[in-house]
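Visitor: Structure incoming, see below.
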Amino acid sequence: MPSIEQISRAPDFVSLKDTMDKAHRYCWPLFQWIISSNRCHIVQIPVHKQIKSMCTPHQYLLLSDAPEKEENFKKLKEEHGSTFAFHGSPTENWHAIMRKGLICASGTKLQVNGAAYGKGIYLSPSASTSFGYCSMTVGGSFMKPTRSNNRFLNQSNFGCIAICEVITKDIQKNGDIWVQPHEEYVCTRFFFVYQHSLSSDASQNHTEKQAHFLEELRKAASYF
């Protein structure tokens, strides 16, 4: 498969197909499948609509779930209500999250961290808590090396975190550790990338203790 640099330099699809056909006859069909099977909707949030409290210019609207799940989520939201919570994960996990949405990996081979508080999707109202799951800390070099052999994923100068909308019913709260046992009760909404360092102001955000921050999220969500 051609490198990302080669793919991005192609001026049009004809040139891109030619580049891939030269690399291998299956590259173009594979590339088409990757694009067509990706249901993730991710767009950069315009500066005037960004969530200022998150202290990064790299902000994206992230809808990673199937339309059927989103439709069911709306019905659940009307019945039970919803709130927002952070989800942190190492960089190498985000490709799968973007393609499939958040899933309950507890007790499966996909589980990365422990499940001390039971099976489900782990979230937190505290940005600081979720940043910890990304191996991010306030300061300069903030990301521990991953277990991946991929050069891109082993960079130590960036990290990612998401804000999800969560149905309030059945959330198991253990301080700032929340577990939602139902996959269909969690949908990604916003995605943030941090370069070089993590702002201490961003790490202090809390969806339960800061009404102004929760209101900022609801306002941002209403734009889309």
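The values are calculated or read from the model by the stated rules, or taken from the named source; none is laboratory data. Model, not experiment: these values are computed from the prediction. Reconstructed Cβ throughout: ideal geometry from the backbone, glycine too, with neighbour counts over all protein chains shown. Ligands, DNA and RNA are excluded from the accessible area calculation, which covers all protein heavy atoms including side chains. Shrake-Rupley method; radii C 1.70, N 1.55, O 1.52, S 1.80 Å.
Visitor: Below 13 angstrom from the Cβ of Ser126, what's the summed charge of the other residues (Lys, Arg +1; Asp, Glu -1)? Could the numbers behind the result be given before it?
Guide: Details: positive: Lys173, Lys209; negative: Asp176, Glu208.
Net charge in that neighbourhood comes out at 0.
Visitor: So, one more: May I ask you to derive the FRET efficiency for Tyr60 and Ser8 from their Cβ-Cβ distance with R0 = 25 Å, giving the value to the nearest 0.05?
Guide: Values: r = 18 Å, r/R0 = 0.73.
With a Förster radius of 25 Å, E is 0.85.
Visitor: If you don't mind, there's one more thing I want to ask. What does the extension gain come out to for Ser53 and Asn174, with contour length at 0.36 nm per residue minus their alpha carbon separation?
Guide: Details: separation 121, 0.36 × 121 = 43.56 nm, distance 2.49 nm.
Contour length minus Cα-Cα distance gives 41.1 nm.
Visitor: Tell me, what is the 1.4 Å probe accessible area of Leu102, in Å² to the nearest 10?
Guide: Surface open to solvent at Leu102 totals about 10 Å².
Visitor: Measure up Lys52/Lys75; Lys69/Lys219; Lys100/Lys169; Lys173/Lys209; Lys17/Lys100 against 25 Å on the Cα-Cα distance and list the ones that go over. Please list the in-between numbers first.
Guide: On the way: Lys52/Lys75 30 Å; Lys69/Lys219 22 Å; Lys100/Lys169 23 Å; Lys173/Lys209 14 Å; Lys17/Lys100 27 Å.
In this structure, Lys52/Lys75; Lys17/Lys100 lie more than 25 Å apart at Cα.
Visitor: If each residue of separation counts as 0.36 nm, what is the full-extension length gain between Glu215 and Lys17 once their alpha-carbon separation is subtracted?
Guide: Details: separation 198, 0.36 × 198 = 71.28 nm, distance 4.64 nm.
This chain segment gains 66.6 nm when fully extended.
Visitor: What is the distance, in nm, between label points placed 7 Å from the Cα along the Cα-to-Cβ direction at Lys69 and at Cys40?
Guide: About 1.2 nm separates the two model spin labels.
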